[in-house]
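Below is one structure; the comments refer to it alone.
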Ligand code: ATP
Ligand code: MG
């Protein structure tokens, strides 16, 4: 039995222990863990002293473009081998944000996320016919039982195989499935960091529909979602109608992020949505006709090129006509006329003439043509004569006379000669008129970040993937496929958004939204304020990293600029003397003194509207 004195002692001891624990708990809560509004999740602000982000002063020697240089210098990625990269913690946070944006937009159109294996059975590739067709880009391997596989570069075969024996009825269609995973392509020249890797992260999705209308609907939804995803990632991207060969129409669109470092060349219109690969672009050109006069044969001795000719005759080069002699796939001769200042679009020509080639000197002689002096008047018989449509309404031509050292001026279309066919043959250039709205077209380089494609029945037919349609007949699925380069998107964002000091992350994909920078962590007025602000921001749902290192202010500023956090909160003695901190907007460089008590509201007000990435 305890004495009353003993009871009192035990009670005191208990009260004391409870108080000590309570204080310790409150201390931990106060300094590190702040309950987030939602539920009971405890969240902690990140600290620079704990971050693995080894920064570099110098550009890596193998990097040619800004995104590659900056992602390495900011300690965000590291090369493991050619075309293989590790995503360090900061980059991984951004990648996850891109993936979240994708997931949200996919959910909105009922596309369902899943995960298929990376390894794909060679048997499926044989069935689709791509085991041979894919070539050396397909990374192949053999297991211990001599069974062949490929590391998936894309997953049409896998998904077609997945549904072919289970998705049976038109009633269950359409179905769209997607996954986000590493893809492998043994690129001939892996380069530009994350832009062209041999292992990279891709979101790829596949839709299975009962008919063309349903595919069209899925395709349009995906296309809209892809435009939104690019915008939400902070990218200026244009949907470009990919060259769909003989098929024509909008069966495939590539989203191009405009950037000088891009490998693709494109033509686009600012006034409307028109955009196309340079190869596929069409436009109206600015034409010029000569005054009407009688046809005249002029001796033009040293004029081998169009420029020589225009100079010799003292005329605008647009009045001249360039002749190109070709031989089509079947060996037939063709003469093609284009405006003197324009070039033949080889892709358009190959759609018209198949696997054509330019006539050799021997072939020119064989077909009775004179190099440098070919014209439409008096061409030898049996030659197919095709001219660019832009010349159709121009009656007066300056062209070769089909005689060495002679050209014609005022050769009159319809009177002196005729043309067999008018076709779109030339390379569209910036300044030509938009085919949709007539505004002046612009040219740019672009990074292909994503592509949507109407596949039709290519894989379902080859792999025997069928369903029972409403009319009781078995039909192959009509398929679409949709891919986004997740890791390439990250690089494209940096390519579009950086300056000489480093990356400028759009809020929507920034690894952290705010860097709190106490200039002196040992100063007893500075550190507690920095800590209090970080806690307040975390509580308000803002993603914060605190530069708690004992480094010089210059180093902290440089790192924050290089890593590109959208906002920096600089806590220094000077501003704190009048209860303020400095808030720097990384994108605009604007610095604002904000009273300490208003910082959280100020940043919430700035950041939250930018999170969706949909502002203009
Ligand atoms: P590219 O023409 O650039 O080689 P692709 O048209 O062959 O690309 P798709 O098959 O359309 O590529 O793949 C979907 C997306 O995957 C592309 O739009 C691109 O963003 C990304 N991607 C393709 N190849 C690579 C790569 N080697 N490294 C990083 N991302 C890639
Ligand atoms: Mg593509």
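Throughout, read-outs are computed from the coordinates displayed, never taken from laboratory work. Just so you know, these numbers come straight off a predicted model, no measurement behind them. As a convention, Cβ positions derive from the backbone with ideal geometry for all residues, glycine included, and neighbour counts pool all protein chains shown.
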Can you tell me the FRET efficiency between residue 612 and residue 588 if r is taken as the Cβ-Cβ distance and R0 is 25 Å, rounded to the nearest 0.05?
0.80
For the range 347-417: rounded, prolate or oblate by the Cα gyration tensor [a/c cutoff 1.5]:
oblate
Could you tell me whether the range 398-445 comes out rounded, prolate or oblate from its Cα gyration tensor? Rule is a ≥ b ≥ c as square roots of the eigenvalues, rounded for a/c under 1.5, then prolate if a/b exceeds b/c, otherwise oblate.
prolate
Below 8 Å, C-alpha to C-alpha, sequence gap of six or more: please give me the relative contact order for the range 512-611 in percent.
29 percent
Here the chain gives, from Cα atoms, an Rg and Dmax in Å of 32.9, 134
Full-extension gain in nm, residue 522 to residue 119, via 0.36 nm per residue minus C-alpha separation:
139.8 nm
Sum -39500 (n - 2.57) across every DSSP H segment of at least 4 residues in the chain, then divide by the residue count to get the 222 nm mean residue ellipticity, nearest 500.
-8500 deg cm²/dmol
In nm, to one decimal, how far is the residue 500 label point from the residue 273 one, both placed 7 Å along Cα→Cβ?
4.0 nm
With label points built 7 Å along Cα→Cβ from the Cα atoms of residue 358 and residue 78, find their separation and express it in nm.
5.0 nm
Could you order the peptides 600-607, 452-459 from most to least packed, using the average number of other C-beta atoms within 10 Å per residue?
452-459, 600-607
Taking 0.36 nm per residue of separation and subtracting the Cα-Cα distance, what length does fully extending residue 96 through residue 332 add?
79.3 nm
Ratio of Rg to Rh for the range 550-602, alpha carbon only, Kirkwood?
0.97
Global form of the range 394-529, assessed from the alpha-carbon gyration tensor, a/c cut-off 1.5:
oblate
Once label points are set 7 Å from the Cα along Cα→Cβ at both residue 308 and residue 598, what is their separation, rounded to one decimal in nm?
7.4 nm
Any idea what diffusion coefficient the range 512-611 gets from Stokes-Einstein, in µm²/s, Kirkwood Rh on alpha carbon pairs, 20 °C, 1.002 mPa s?
163 µm²/s
Rounded to whole Å and sorted largest first, what semi-axes of the equivalent ellipsoid does the C-alpha gyration tensor of the range 93-190 yield via the square root of 5 times each eigenvalue?
26, 21, 11
Given the C-alpha centroids of the range 366-381 and the range 419-446, what is the distance between them in whole angstrom?
28 Å
Quantify how much of the Cα-Cα distance distribution of the range 296-423 extends past 27 Å, in percent.
11 percent
I'd like the distance between the alpha-carbon centres of the range 49-67 and the range 162-236, rounded to an integer number of Å.
31 Å
Can you put 192, 208, 565 in order of Cβ neighbours within 10 angstrom, beginning with the fewest?
192, 208, 565
Does anyone have the angle between helix 4-31 and the longest principal axis of the chain? Alpha-carbon axes, 0 to 90°, nearest 10?
20 degrees
Helix 553-563 against the longest principal axis of the chain: what's the angle in degrees, Cα atoms only, rounded to the nearest 10?
50 degrees
Quick check: the angle from helix 526-539's long axis to the longest principal axis of the chain, C-alpha only, nearest 10 degrees?
70 degrees
